[in-house]
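Here the structure comes first, spelled out in structure tokens, and everything after it is commentary.
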């Protein structure tokens, strides 16, 4: 059966939570609660996503994670490749010389075409599109603090992060400064439907 791994499935759930409020910084514990996953699982998923440049990690008591770019700029092929490496339907789809039947095989070219079709389909779907049919008002969620801009020196989540970003998952992290209290700011209150959480 052709299928993505369970961790890749979880990665799409976590990223969709972040995409629902892309300016917010959320702790691993907060993301786990909203996604319906265990904190260690979320930390494990965030490490390769941060290494691939899809999420930003912030250190400190106000640290956490947020999307590194706009949801419309993150495609599903980037998520899959961050978690599993380059997409390859067969061993010969990406690299020549990986199969002993390569010289006599009559289906290699077709498998490469199929591989390209699947990759293009995933490339054509963004996190923003994944959110288009989702209501985040169904389930209450913990508050997520919104920095004033996407600069990395803005304050993060008001609650304690799951350790530091570097200690939790080894990802390269930025240090979050002391939190400020902007007037008139209300934390977003959104949740993710249970149907998105992978079992």
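Throughout, read-outs are computed from the coordinates displayed, never taken from laboratory work. Source: prediction; values computed, not measured. Note that we place each Cβ from the backbone using ideal geometry, even for glycine, and neighbour counts take in every protein chain shown.
Miscellaneous remarks
- On the basis of the beta-carbon distance and an R0 of 45 Å, residue 98 and residue 61 show a calculated FRET efficiency of 0.40.
- Taking other C-beta atoms within 10 angstrom as a stand-in for reagent exposure, 91, 38, 81 fall in the order 38, 91, 81, fewest first.
- Euclidean distance of C-alpha centroids, the range 67-108 and the range 1-56, integer Å: 21
- Packing rank of 48-58, 102-112, where each peptide gets the mean count of other beta carbons within 10 Å, highest leading: 48-58, 102-112
- Cut-off 19 Å, label 7 Å out along Cα→Cβ of residue 107, residues of the range 83-101 by amide N: 88-101
- Taking 9, 120 and counting other C-beta atoms within 10 Å, the order from fewest to most: 120, 9
- Label point 7 Å beyond Cα of residue 3 along Cβ direction - residues of the range 84-117 with amide nitrogen under 19 Å: 84-85, 88-90
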